[in-house]
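To start, the structure under review is shown below, and the notes come after it.
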Amino acid sequence: MVDPAALALTLTAPATPLAAEEAAAVLREQWGLAPRALSRLATERDDTFRVELDSGQRVVLKVAHPADSDSTVDSQLAVLADLAAHAPHLPVSRVVPTRDTLSAVSIPTVDGPRRARVVTWLEGEPWNARPRGAEALRRFGAAQAAFASAVASAGRRLPPGLRPAPSPWNLLEIGAARAACDRIADAQLRRAAAAMLDRAAAEVVPRLARQPRVLAHNDAHGENVLVTPGTDDSTLSVTGFLDFGDLTHTPRVADLAVAASYASAVADAGDLELAASPWAPAAALVTGAAQAWAAAGEPLSAVERDLIAPLVLVRLAQRAALNSAVAEASSTRATYASRNLARLRAELAALTAHLAPEQLGEAP
C-alpha cells in the first residue's frame, strides 16, 4: 500500500530547473539537432521546452524530474510507440530517436541523472482557448473515449516490468490529496475540498475500486488537448492529446470523469443547452463519450454512469489540494500550479449547490 503523505510528496520534491543552454547542448549532443530557439513550457514537475530547429521544424524536449524512475519514463515512451503502431490515426506525438536510435537518454544534472526524450510537435489550439458549445463537448467526449480505448489497449501490451509509478493524480489515491488539504490557503476552498475528499473516501472510492483497472492517460484538461482552430462546434476535431506524465492504472470511468471535470472551464456561457445547469457541460461531454463507447461495443455500465458525477467533484477537490501543495513548495511553479484555484472554488460551489444527476449524460 502506498503511503498517502509520501505519494503527495512526489509532486513537491525539489528539482533544479534545467537551463535552456543545457537543454540546447543535450539536443546537439544526443540528437544531432540544431536548435534555433528554445522556450520553456509551464509544467508541474518536469522541464519541457518547445524547440525551434534551424530546419524550421518544431519538436518538444522533455526532461523528467530526477525522482522519476526509468520505468516510469519508459512506460510513457512505450505507450507512444504502441499508439504509433496500433492506432496511427490518433493525434499523439511521435518519439524522435537519438542519433544512437534510443528513445531516451540519461543526462547528468546537478540533481543527479535525469531522463531526456524528444517528441514531435503537434499543431492546433488548446481546447480551452475559447468557449465551446454543447456539440463541441459531445464531439470531444467521443474523441476522448476513442483515445482512452487505445491507451487501455496499449497498456495490455506493455513490456514486462514497465509500469507507471503510483500517481497522486489517480482518483483511487485520494488519500494523497487529503494529506495535502492543509496546503490550500483559501479557507472556504480548503473546507470544501476536505469535506468532499472525506465523503468520497467513505462512499465513492470503495465503489470505484471494484471496477476493472486499465492504463489511462488521466489528464485530458484544456491545455493537454489541441483542437482544430477557428472551427464551429459541428466540425471541431481533436488534433492532439498531450502529456502522458499522469499515466496510471485506474478504472476507465475515472479517466472519463477527469475529462468531464474540465468541461465547465471551457463551456460557452451563451449556449442555452449548457446554461440550463452547472452540470450541463460535463453531461454533454459524457454523452459523447457514452455514445462512442456504446458504438464500440463496450457501453458504460450503470455503476460506471452512477460514479461519474461524484468523481467529477472528487477531481475538483483533488486539484485544489495537490495544486496548492505544488504552489507552496516551488516558487518557480507556483503561478502555473495556482492558476485555477479561484475557478475551482467557484465550480465546486456551483456544482454542489445543484443536485447532481444520478447518471450524468444521456444514455446511448
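Observations, loosely collected:
- Test set (1) within 30 Å of Ser237 (Cβ to Cβ); (2) assigned to a loop (DSSP other than H, G, I, E, B); (3) among the small types (Gly, Ala, Ser) - Ala143 fails condition number: (2)
- Single unsatisfied condition, Ala129 versus (1) surrounded by 14 or more Cβ atoms within 10 Å (Cβ to Cβ); (2) at pLDDT below 95; (3) more than 21 Å from Pro229 (Cα to Cα): (3)
- Which listed residue is in contact (Cβ under 8 Å) with a residue 24 or more places away in the chain, over 30 Å from Ala325 (Cα atoms) and out of contact with any helix residue (DSSP H, G or I) (no Cβ under 9 Å at 6 or more places or on another chain), from Arg94, Arg99, Arg58: Arg58
- Search result, residues across segment 237-265 that are among the small types (Gly, Ala, Ser), open to solvent by 10 Å² or more (accessible area, probe 1.4 Å) and in a helix (DSSP H, G or I): Ser264, Ala265
- Filter result for Arg138 (basic (Lys, Arg) and either assigned to a loop (DSSP other than H, G, I, E, B) or within 30 Å of Pro229 (Cβ to Cβ) (or both)): yes
- Those residues of segment 1-21 which are surrounded by fewer than 15 Cβ atoms within 10 Å (Cβ to Cβ) and over 30 Å from Ala179 (Cα atoms), in sequence order: Ala19, Glu21
- Out of Ser277, Ser234, sole residue that is open to solvent by 20 Å² or more (accessible area, probe 1.4 Å), hydroxyl-bearing (Ser, Thr, Tyr) and not in a loop (DSSP other than H, G, I, E, B): Ser234
- Single match in Ala179, Ala148 (criterion: open to solvent by 10 Å² or more (accessible area, probe 1.4 Å) and touching a Pro at 6+ places or on another chain (Cβ under 7 Å)): Ala179
- Residue match in segment 297-304 (condition: on the phi > 0 side of the Ramachandran plot and surrounded by fewer than 20 Cβ atoms within 10 Å (Cβ to Cβ)): yes
- Residue list for segment 330-341, restricted to those being assigned to a helix (DSSP H, G or I) and open to solvent by less than 80 Å² (accessible area, probe 1.4 Å): Ala334, Tyr336, Ala337, Ser338, Leu341
- Within segment 333-345, not a single residue is within 21 Å of Arg210 (Cα to Cα) and hydrophobic (A, V, I, L, M, F, W, C).
The values are calculated or read from the model by the stated rules, or taken from the named source; none is laboratory data. On a predicted model such as this, the values are computed, not experimentally measured, just so you know. All Cβ positions, even for glycine, are placed from backbone atoms using ideal geometry, and neighbour counts span all protein chains on display. Calculation scope for accessible area: heavy atoms of the full protein, side chains included, ligands and nucleic acids excluded. Shrake-Rupley method; radii C 1.70, N 1.55, O 1.52, S 1.80 Å.
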